[in-house]
Amino acid sequence: MTSPKDNRLPPLVPRYLSVLRAAKFITNPIPVLDSHLRQFGPNYLFHIGGFKKGFLTTDPEIIQHVLQKNHRNYRKSDIQTGLLAHYIGNGLLTSEGEYWLKQRRLIQPGFHRKRLASLVGLMNLEIQLAIKRWTDLATQEAAVDIYKEMHLLAFRIVAKTLFSTGLDEPRMEKLSAQITQVQKFIVKQIRQPYAHWWFKISGQIGQHEEISQATKQILIDIISTRMQSGVAHDDLLQMLLDARYEETGESMTLQQLLDECLIIFVAGHETTANALSWAFYLLAKNPRHIDLLRQESSSWMTEKQPLFEHLPRLTYTHQVIEEVMRLYPPAWIIDRVAQDQDEAGGFRIAKGTMMILYTYGTHHNPGLWPKQDQFEPERFNEERRSEIHPFAYFPFGGGPRLCIGNNFALMEMQLILTQLFHHFDFELISQKVEMLPLITLRPEKALMFRIRNRPVSGVETKTADQS
Ligand code: HEM
C-alpha cells in the first residue's frame, strides 16, 4: 500500500451538474465530459450515474502511473471482466490476475510483427474481393455506407486470419450477425444498468445467452475439426494451437481456445472498422493528404498488391492512421479500479476509485497538442514524434495490457487504405457527421460516400507542393 504524501483531491463536479447533464450524458457522454474539462481542468471527480464517484484524467503522468508504473494496483472494471465475459467468455481481454498473465505470455509471441507477415496474404485476399465488388459499384457511381463496408471487411479479415479454412460463407454471415447482436445488447445493458431486472424478466438476457451459445458452437465445430485433422495452416488458430505453456509444455484446452478465438473476433474488428471509417472521413475533409498517401505507393503498386516488405515504406499512410486515431480513438475511454489507496500526479486516489483514463480528452488536450482539432499527420513524423509524451497518445492502451493486436491492426489498415485509395476516388455525401461513443467510437449514422473507379495504371499523382 502506498502512503499518500499529498491529500489533495481533484475538483469535484457538483452532483447537481451531473444530474442536470444526465440526459445528455446518456445520449453522448463526450460533450459532457469535455465541458467538465473546460470548467474543472484536466483532472476531476464526478458522479457516474449519480452515485459512484469516478476520477477522470487527461494527465499523461497519471495515465502512465495507472497503466504502467503501478499497474498492479489497478484492475479492469466489471464491465469487461463481468458483463463482457458473461457473453464472450474468459479470454485475454476479459480476464485478470494470474490467469491473464499466463495467457498473455502464451499468446504474445504469436502477435509479434514478424509472425504476422504470413497473414498479409490472407488479408490481401479479402481486400481483393472487396475491390472486385466495389469496382462494380463504382461503375454505377453508387453510394456506399463506408462504416458498413469497413465493418464487413474488418470482420472478414479477422475471420479469415483466424480460420483460413473451415469457415464457409453461410457460417461467416451467421457469426457476423450473432456477434453484432450480442455486442449491441451488451451496450444496452451498460447504458441502462437500472433496467437489468427488466432485461431478465422480459427474457432478453436469456435470448442473448442463447445467441452467444450458438456462436460458441460454430467456433467449437471449426476448432475441433482442425484439431482432429492434424493438418497445419498458416493462420491465427494454428498459432493458438501450437502455443505451449512454458512450465508444463501443454497446449490450451478446447475451452481456452474457444475463449481466445471469440475475444479476438470481438476485439479485432469493431475497433479497426471504426478507425478506417474515420480515416475515410478525415481524408475526404483534407484531400491534400490523399495525394500524399497515394504518392508513396503509386510507383510500385500499379499491378501488384503490397507485401509485408512494402509496409515499412508506407510511412505517410502510417502517420495518417495515427492521426486518425488521435482525433477519433476507437477505444475512447479506458477504465480501471484502484485496489488499494494510492497517489498519482500529486492526487490522492482512494481504494475502490474508478479511474477513467479519458483517451479522447487526452488526444484533444490543447496543452498537449497544438491546433488540437486539426488533422495533421505530420505530428507523427520522425522529428516531431519524440516531442510526444508516451501516454499523451495511447489509442492501444499501454503497459502490460497494451492491445495485443496493435501490429495486426496497423498492418491491416495500411493495406486497406493504400489499396482502396489506389483503386477508387471517394466523395463524401453525408452532410452532418457525428460521433456515437458506445464501447467504441463510431460514426452515429451511415457514413455515405460516392465511389468512382480510378484509372489505376500510370496514375498521375500530384505532389504536396502542387496541391
Ligand atoms: C484500431 C484497432 C484497435 C484498437 C484501437 C484497439 C484498442 C485496444 C485497447 C485500448 C486495448 C486495451 C484495453 C484496456 O487496457 O482496458 C486493447 C486490448 C486488446 N485488443 Fe485491441 N485494439 C485494436 C485492434 C485489435 C485487433 C485487430 C485485435 C486482435 C486481432 C485486438 C485484440 C485485443 C486483445 C486480445 C486485447 C486484450 C489484451 C490484454 O488485455 O492482454 N485488438 N485493444
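If both residues of a DSSP beta bridge must be in segment 15-453, then about 85% of such bridges are antiparallel. Enclosing the Cα atoms of segment 385-445 in their convex hull gives a volume equal to 158 cubic angstrom per residue. When you restrict to C-alpha pairs under 8 Å that are six or more residues apart and normalise by the size of the chain, the relative contact order lands at 26 percent. Straight-line cross-link reach from Lys114 at under 24 Å between alpha-carbon atoms covers these lysines, not counting any fewer than eight positions away in the same chain: Lys102, Lys160, Lys304. Here the ratio of the Cα radius of gyration of segment 1-117 to 2.2 N^0.38 Å is 1.35. Here Lys445 is the anchor, and the lysines within straight C-alpha reach of less than 25 Å, apart from those fewer than 8 places off in the same chain, are Lys24, Lys148, Lys174, Lys184, Lys188, Lys285, Lys432. In terms of its C-alpha gyration tensor, segment 353-410 comes out oblate, because a/c is 1.5 or above while a/b does not outweigh b/c. In the chain, excluding the sites themselves, the longest stretch lacking any of the chymotrypsin sites (Phe, Trp or Tyr not before Pro) that are in a DSSP loop with at most 15 other Cβ atoms within 10 Å is 52-244. Size descriptors for the chain: radius of gyration and Dmax over Cα atoms are 22.6, 68 Å.
Amide H contacts of Ile349: Asp342, Glu343, Ala344, each under 5 Å away and 5 or more positions distant or on a separate chain (H built 1.01 Å from N in the peptide plane; Pro and chain starts excluded).
Ranking Met355, Pro31, Tyr44 by how far each Cα lies toward the positive end of the dipole of the chain (charges on Cβ) leaves Tyr44 at the top. For segment 15-453, the residue among Gln228, Met239, Pro443 whose Cα projects farthest onto the positive side of the dipole built from Cβ charges is Pro443.
No value in this document is a laboratory result; all are computed from the given coordinates. Here the structure is a predicted model, which means the values were calculated and not measured. Note that we place each Cβ from the backbone using ideal geometry, even for glycine, and neighbour counts take in every protein chain shown.
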